[in-house]
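Okay, so here's the structure we're looking at.
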Amino acid sequence: PKHQQERMKVSRAFSSSRRYAILYLAWLCFSYNMFHAMGFSSSSSSPVWIKSKSNRRASVSKSFLAMSSSLPMKPKGCAAVPYEKKKVAVFGAGGYLGATIFGFLQRASSLYGTGIGGPSIPRAISATATASESLNKILIRCFALAYAGENMFRLTNTQDVSYMTQSLKGMDAVIIGTMYQLETRPVTGNTYEKGPNSKTYEFYLDSRYNARTDVSSDDVDVHLSLFQNTMKACKEADVKHVIVIETPDTMNVEEYAKVLDEVGVPFTYIHSNYSPGGGIETTKDYTFEKGIQGDLDIESFTLAGNYMSVGGYKAGDWMGNLVQEREAKSAADSVIYREDVAALAVQSLMSLDWSKRRCLEISTKGSLDEVLKGGKKNERILATRPPKYDKEWCINSDILAQKLATIEE
């Protein structure tokens, strides 16, 4: 019958078009996979690195917060296997930034799910016993009477790579700075002194209140030598990942990038990108209950797996390309808080793949508290009981985790 013939034609045409559609979709998927397998991305800015960005300001809106609790957090760092506790050391823990990082790590190591912990962890690396007093003052004030005992300290000779290697024995990850505040101090007795009047540089990340600055930021050779010895020690101690924080006033950043390439330990390099009207500040009367202060915007530049073999590439070239990409993205009157940088360093260990090499460019769009409250300041919240923070190493760190999760997708 005529109607049946027409129906068969339509059926064959539909079946044929469906096959073409399936083949087309398969071709698209194949092309996409090949595109990325070759080391390219639609957001790439260079054959050396792949550029990605965390969620915009909307990522911390009320709708996002409601949604984020149901979204699967898929950490790719040490939190991916939380029962395998990773040991972490902090260089310059006598400085405020270093002490804040140590305090966050100490809290994180007491909680299951962070993947951080172990006996006498975290470990504070310093040159003299002066750092112990400075660190504990900050821990007592900012981290609910926390304390770091002698078993958590290693005093190291920064002029001797083998001595530094022994200080890092057994560590899985290390957090360091590019440049420290250096203060001349007597070498602590029964450590590595060569005589009763031996002196050394105590190093603070990134500064210590009322400490002298005996080496200016212009003396690049001294700062670079300390950084180079630290990275060599990390390599010899078989450290798996290094978090590098670019501290204020760091000069000749390309030289630090060159050291990172030459040594070869996977790293996460954190750079605070602020406008001339902004800066890096310390939160007044900070305690860990205050948590994250700024609405951070995080941009990641992940180095390609074979970036060292790109034609014409020289060690450290990725930094030169990156410096050209940098631009101030925050408002002229905004700041980045040291406490937020400290929290990001710790969260990066939990969330990001340790096998990769990347740079995190961070800026801020104002106060996170204002965003969470919908811009309403001085909003009074009535509660029947005080909040408990015993299950959190840093308040609102889950927002950082979600931002970093989008980077690793």
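The values are calculated or read from the model by the stated rules, or taken from the named source; none is laboratory data. As the structure is a prediction and not an experimental result, all values here were calculated from the model. Positions of Cβ are backbone-derived with ideal geometry, glycine not excepted, and every protein chain shown enters the neighbour counts. For accessibility, only protein heavy atoms count, side chains too; no ligands or nucleic acids. Shrake-Rupley method; radii C 1.70, N 1.55, O 1.52, S 1.80 Å.
In the range 86-102 there is at least one residue matching the filter, namely being over 15 Å from LEU205 (Cα atoms), in contact with a Cys (Cβ under 8 Å, 6 or more places away or on another chain) and either free of Cβ contacts under 8 Å to residues at least 40 places away in the same chain or not β-branched (Val, Ile, Thr) (or both). Here the condition is being among the aliphatic types (A, V, I, L, M) and surrounded by fewer than 19 Cβ atoms within 10 Å (Cβ to Cβ); of LEU135, LEU111, LEU182, it holds for LEU111 alone.
Considering THR213, THR200, the condition of being surrounded by 15 or more Cβ atoms within 10 Å (Cβ to Cβ), under 19 Å from SER134 (Cβ atoms), in contact (Cβ under 8 Å) with a residue 24 or more places away in the chain and hydroxyl-bearing (Ser, Thr, Tyr) is satisfied by THR200 alone. Against the definition (in contact (Cβ under 8 Å) with a residue 24 or more places away in the chain and part of a helix (DSSP H, G or I)), how does LEU296 come out, yes or no? So LEU296 fails the test.
Residues are listed down the side, and each one gets a yes or a no for (1) more than 17 Å from the chain's Cα centre (by Cα); (2) part of a helix (DSSP H, G or I); (3) surrounded by fewer than 19 Cβ atoms within 10 Å (Cβ to Cβ):
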position: HIS223; (1), (2), (3): yes, yes, no
position: PHE227; (1), (2), (3): yes, yes, no
position: LYS235; (1), (2), (3): yes, yes, yes
position: VAL239; (1), (2), (3): no, no, no
position: ILE243; (1), (2), (3): no, no, no
position: MET251; (1), (2), (3): yes, no, yes
position: TYR256; (1), (2), (3): no, yes, no
position: LEU260; (1), (2), (3): no, yes, no
position: TYR269; (1), (2), (3): no, no, no
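The lone criterion from (1) modelled with pLDDT of 65 or more; (2) hydroxyl-bearing (Ser, Thr, Tyr); (3) open to solvent by less than 20 Å² (accessible area, probe 1.4 Å) left unmet by SER59 is number (1). Of all residue pairs spaced 6 or more apart or on separate chains, those with beta-carbon atoms under 8 Å, a first member in the range 235-261 that is within 24 Å of ILE116 (Cα to Cα) and modelled with pLDDT of 95 or more and a second member that is buried (at least 18 other Cβ atoms within 10 Å of the Cβ) and acidic (Asp, Glu) are VAL239/ASP172; LYS240/ASP172; HIS241/ASP172; ILE245/ASP206.
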